[in-house]
């Protein structure tokens with residue numbers, strides 16, 4: 001028996017989640033059975049998509065259940081293995097976050113679809129497997145390359161550009177030879193995009209006129225838009241898109257907490273004369289890209305072409321604050337919680 | 001010199017066009033020069049997309065100019081040829097409608113992109129080349145097959161289903177082995193869709209709740225939506241779409257006359273969990289499909305698998321009324337004007 005603290009969904013939030021959405025409790029874990037592992041979580045991830053799982057509705061992932069522990073990406077260390085593929089001390093990526101210890105089935109699955117997968121810390125430090133080398137990184141990689149299909153010389157615009165996904169999108173687009181612009185929510189983030197991550201242009205979406213900012217940031221118009229936020233930015237982008245442009249829709253964080261659905265863009269009709277394509281995607285459909293993704297990303301990290309930032313909260317009791325901070329843009333790059 | 005009556009754009013409409021948008025005038029045409037033809041127009045087409053050309057803005061086709069004759073699909077008979085490829089009496093399809101006579105360059109182009117192209121009335125009567133065998137037919141064919149990509153057994157839903165494009169979309173989808181549903185603006189049209197054109201389900205979008213009507217008409221959800229109207233139907237469709245569904249956006253007639261842009265669908269976010277694709281298209285990008293389109297359509301017409309209706313106005317002076325009638329759904333199938 002192992003004592004573990006975990007965070008459960010206390011109540012389904014209406015609108016913006018609060019600390020009352022969460023409850024910290026202590027449970028006793030059964031010992032791992034044949035083929036199972038006991039892991040001690042070192043890091044856990046908080047991600048905007050988790051807000052969607054707090055609604056009680058059918059979707060591409062099951063809804064969280066009230067009174068049950070939340071789930072999400074985590075990096076743990078094996079403390080007891082009854083599976084020949086894992087040894088004590090192994091570092092694994094899995095999807096039973098929001099708790100200090102977890103009993104996992106293994107082997108099987110991968111960092112995106114669940115299960116325990118050993119990670120290779122010679123490529124990058126362990127927490128990178130929750131960011132650039134994990135789900136957010138694959139989201140950026142697959143969304144941009146499969147759905148955005150940028151060609152060298154084209155203009156790529158990404159919103160929430162300093163986030164875990166957006167910052168990788170912009171840097172991969174630069175590596176593809178594109179002109180890259182991004183939006184973020186503070187001058188500090190804008191400066192980071194331009195001066196550290198190599199963006200050609202960036203602006204603060206909270207100040208100034210979006211149409212004018214986009215014209216200035218993307219003087220040749222936009223060929224590929226990587227959509228993370230929705231709302232007024234999407235409408236301004238539709239005006240700025242070039243003919244035959246592609247919009248890869250990853251997220252619309254601006255409306256995840258809306259209690260009444262906000263009106264859509266009033267210029268969606270532009271898809272016709274501009275022959276635009278708008279495609280939504282979900283990272284779990286792209287786990288087949290894991291090998292080439294890991295190879296490419298590890299190479300770009302090693303060569304210094306791809307940088308990443310992490311904002312780290314300490315201790316499982318800080319996980320709700322870390323999650324809530326996503327909706328205020330408190331993170332620079334990946335938002336993480338260090339558990340041990 | 002040939003006297004010809006023609007209709008010019010009298011003034012750019014604000015909101016819904018009226019009879020004051022148009023002016024009938026008589027001009028004298030110069031004789032055809034070397035390589036040119038003089039044609040007497042027998043039929044002309046009025047189409048919803050022409051409303052877009054009345055705005056003074058850049059788009060995929062040039063804007064109509066105030067004081068200049070309107071343009072659009074027409075079928076004419078050669079009355080004088082100074083081009084070896086055409087003889088007096090030949091029937092040609094071209095894009096200089098809205099006038100009784102036209103001097104055309106030839107050869108070159110096709111029925112969609114302009115120029116004079118001989119038509120083959122052994123396949124279908126001449127006016128069919130403005131409908132099922134012309135631009136609206138190719139719009140349906142390319143939009144459904146290239147952008148909708150329906151598979152046998154899937155559900156295809158089309159709005160404005162009794163129009164020149166929608167009625168062809170539904171019938172081609174049936175030929176592809178799909179379950180087909182459509183919406184139209186009267187009980188008479190709904191009956192025609194179900195009892196004459198072979199639609200599996202149809203409903204009147206003006207009566208009843210759109211979400212409920214769609215659930216009833218498409219009990220397995222929608223895999224392919226052929227979008228002709230926009231507005232509330234698009235929003236209801238987004239709710240009814242199945243995962244990995246495709247939306248081919250051909251038109252949004254519901255808002256062509258809007259003086260302020262209407263809000264977009266409030267559930268566009270569904271593109272993410274449902275992994276939807278939304279693609280706008282323009283028929284002129286698909287003229288390469290003309291040979292296979294003509295072969296397929298002529299075969300389906302001959303075998304009775306594809307039917308079509310025409311609503312015919314008489315005389316060039318009735319062309320404005322025919323055009324305006326499009327926005328009231330006065331047409332059953334293709335709206336045409338017989339000029340001679």
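Note on A:260-267: average number of Cβ atoms from other chains within 10 Å of each residue's Cβ is 6. Rg and Dmax over the alpha-carbon atoms of the stretch A:224-313 stand at 16.7, 47 Å.
Scoring A:301-308, A:236-243 by mean Cβ neighbours within 10 Å over their residues and listing the highest first yields A:236-243, A:301-308.
Label point of residue A:149 (7 Å along Cα→beta-carbon): distances to the other copies' equivalent points are 0.9 nm, sorted ascending. Take every DSSP beta bridge whose two residues both sit in chain A; close to 55 percent of them are antiparallel.
Where the centre of each part is set by its Cα atoms, how far does the stretch A:229-252 sit from the stretch B:302-340, in angstrom? Result: 37 Å between the Cα centres. A point 7 Å from Cα along Cα→Cβ stands in for residue A:66, and the other copies hold the same point at 6.3 nm, listed in rising order. Each peptide among A:67-76, B:29-38, B:197-206 gets the average number of other Cβ atoms lying within 10 Å of its residues, and from highest to lowest they stand as A:67-76, B:197-206, B:29-38.
What is the stretch B:51-100 by shape, rounded, prolate or oblate, if you read a ≥ b ≥ c off the alpha carbon gyration tensor as root eigenvalues and call it rounded for a/c under 1.5, prolate for a/b larger than b/c, and oblate otherwise?
Prolate shape, in that a/c is at least 1.5 and a/b is the bigger ratio.
Cβ crowding within 10 Å, taken as a proxy for footprinting-reagent exposure, orders A:192, B:94, B:195 from fewest neighbours to most as B:195, A:192, B:94.
The overall shape of the stretch A:135-284, judged from the alpha-carbon gyration tensor, is rounded, with an a/c ratio under 1.5. Share of pairwise Cα-Cα distances greater than 25 Å in chain A is 51 percent (whole percent). Other protein chain C-beta atoms within 10 Å of residue C-beta, averaged over A:279-286: 4. Going by neighbour counts of Cβ atoms within 10 Å, the residues A:250, B:218 line up, fewest first, as B:218, A:250. Normalise the Debye intensity by I(0) for the stretch B:1-85, one equal point scatterer per Cα, no solvent, then take log10 at q = 0.17 Å⁻¹ and round to two decimals. The Debye formula, applied to the Cα set alone, gives -0.83.
Can you give the FRET efficiency to the nearest 0.05 for residue B:149 and residue A:20, using r as the Cβ-Cβ distance and R₀ = 51 Å?
0.65
Only beta bridges with both residues in the protein assembly as shown are counted; by DSSP, about 55 percent of them are antiparallel. Please check: in the Gaussian network model of chain B (C-alpha springs, under 10 Å), which one of B:24, B:289, B:145 has the largest mean-square fluctuation. The residue with the greatest mean-square fluctuation here is B:289. Using the Cβ-Cβ distance between residue A:3 and residue A:122 with R0 set to 51 Å, the FRET efficiency from 1/(1 + (r/R0)^6) comes to roughly 0.95. The mean sequence distance of close C-alpha pairs (under 8 Å, at least 6 residues apart), as a share of the length of chain B, puts its relative contact order at 17 percent. Taken as Cα centroids, the stretch A:1-79 and the stretch B:134-156 sit 45 Å apart, rounded to the nearest whole angstrom. When residue B:212 is represented by a point 7 angstrom out along its Cα-to-C-beta vector, the spacings to that point in the other copies are 4.9 nm, nearest first.
Ordered by the number of other Cβ atoms lying within 10 Å of each residue's own Cβ, fewest first, B:5, A:279 fall into the sequence B:5, A:279.
Estimated from helical segments only, the mean residue ellipticity of chain B at 222 nm is -5500 deg cm²/dmol, where each DSSP H run of four or more residues counts as -39500 (n - 2.57). When chain A is treated as a GNM with alpha-carbon contacts under 10 Å, the residue of A:184, A:319, A:212 showing the greatest mean-square fluctuation is A:212.
Mean per-residue shielding of peptide B:55-67 is 1, counting Cβ atoms of other chains within 10 Å of each Cβ.
Based on alpha-carbon atoms, the Kirkwood radius and the radius of gyration of the protein assembly as shown give Rg/Rh equal to 1.06.
Where a number appears in this text, it was derived from the coordinates with a stated rule and is not lab data. As the structure is a computational prediction, the values presented were derived from the model and not from experiment. As a convention, Cβ positions derive from the backbone with ideal geometry for all residues, glycine included, and neighbour counts pool all protein chains shown.
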